[in-house]
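What follows is a short report on a single structure.
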Ligand code: SF4
Ligand code: SF4
């Protein structure tokens, strides 16, 4: 399953962002952050206890099913009273959920999490980064393996020279991304793709703020 991967911000940062506020409403999400255990009911309750210990009044809390969905606005109507009483809305979702709720409520929102990447669940509680959304996808030429995320150095033109018997020089427990790419291309009888030079990466990708439209 593919997820938006998040990590909780240090509590000192959250406190700093909440500075000057006394009453807080907390919102979690039942999708990605529940799976990654960063914004599900257990984490929302733990945050409530933590903030209460630090002298904040938690006016209410909820975990909406899918924070980034337009339906969140309707679900939050049920909490109008406690939301109104709060000086700040602390949101324990990925940045997409935070922005959705900020737009819907037009209130002072504080993100409690950092949004890291798109990841894939590889085992109970384990997620591997699969895409940085770099905007110039080259996996059509690397056998479907992403070197930007799978290689420790994010190299896009072959291995670094430190690869050792198929393992990465930075983490010998990890397979070298470029050995995996080589093997995959060999199996696919497309080894010539290894010779293709990939242009230097454009870290800007799109002028900001990015806007995308599906051509008519
Ligand atoms: S190259 Fe990798 S990081 Fe870039 S879009 Fe493709 S999968 Fe994502
Ligand atoms: S050993 Fe392989 S995976 Fe590790 S940094 Fe070098 S090319 Fe990348």
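Note on segment 1-119: enclosed strands (runs of 3 or more DSSP E) holding 3 or more residues that are under 30 Å from residue 146 (Cβ atoms) and within 22 Å of the chain's Cα centre (by Cα) are 2-8. Taking the condition more than 30 Å from residue 31 (Cα to Cα), modelled with pLDDT of 95 or more and either surrounded by 12 or more Cβ atoms within 10 Å (Cβ to Cβ) or away from ligand 2 (no atom under 16 Å from the Cβ) (or both), does residue 141 pass? Spelling it out, it is not the case that residue 141 is more than 30 Å from residue 31 (Cα to Cα), modelled with pLDDT of 95 or more and either surrounded by 12 or more Cβ atoms within 10 Å (Cβ to Cβ) or away from ligand 2 (no atom under 16 Å from the Cβ) (or both). Mind checking which residues of segment 115-144 are within 6 Å of ligand 1 (Cβ to nearest atom) and under 13 Å from residue 156 (Cα atoms)? Within segment 115-144, 134, 137, 138, 139 qualify. If the condition is being away from ligand 1 (no atom under 16 Å from the Cβ) and either exposed (fewer than 14 other Cβ atoms within 10 Å of the Cβ) or in contact (Cβ under 8 Å) with a residue 24 or more places away in the chain (or both), then segment 148-173 contributes 161, 162, 164, 165, 166, 170, 171, 172, 173.
Condition check ((1) in contact with a strand residue (DSSP E or B) (Cβ under 9 Å, 6 or more places away or on another chain); (2) in the same structural domain as residue 36 (by TED's automatic domain parsing)) across all residues:
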{"residue": "102", "(1), (2)": "yes, yes"}
{"residue": "107", "(1), (2)": "yes, yes"}
{"residue": "124", "(1), (2)": "no, no"}
{"residue": "148", "(1), (2)": "yes, no"}
{"residue": "152", "(1), (2)": "no, no"}
{"residue": "156", "(1), (2)": "no, no"}
{"residue": "162", "(1), (2)": "no, no"}
{"residue": "166", "(1), (2)": "yes, no"}
{"residue": "169", "(1), (2)": "no, no"}
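How about segment 68-86: which of its residues are without any contact (Cβ under 8 Å) to a residue 40 or more places away in the chain, touching a helix residue (DSSP H, G or I) at 6+ places or on another chain (Cβ under 9 Å) and surrounded by 15 or more Cβ atoms within 10 Å (Cβ to Cβ)? The answer is 68, 69, 72.
When you go through (1) at pLDDT below 95; (2) more than 8 Å from ligand 1 (Cβ to nearest atom) one by one for residue 112, which number turns out not to apply? Status for residue 112: all satisfied but (1). Among the residues of segment 31-53, those identified as surrounded by fewer than 17 Cβ atoms within 10 Å (Cβ to Cβ) and within 26 Å of residue 85 (Cβ to Cβ) are 41, 42, 45, 46, 49, 50, 52, 53.
The values are calculated or read from the model by the stated rules, or taken from the named source; none is laboratory data. This one's a predicted model, so the numbers in the text were calculated from it and none came from an experiment. Cβ atoms come from the backbone with ideal geometry, glycine included; neighbour counts cover every protein chain shown.
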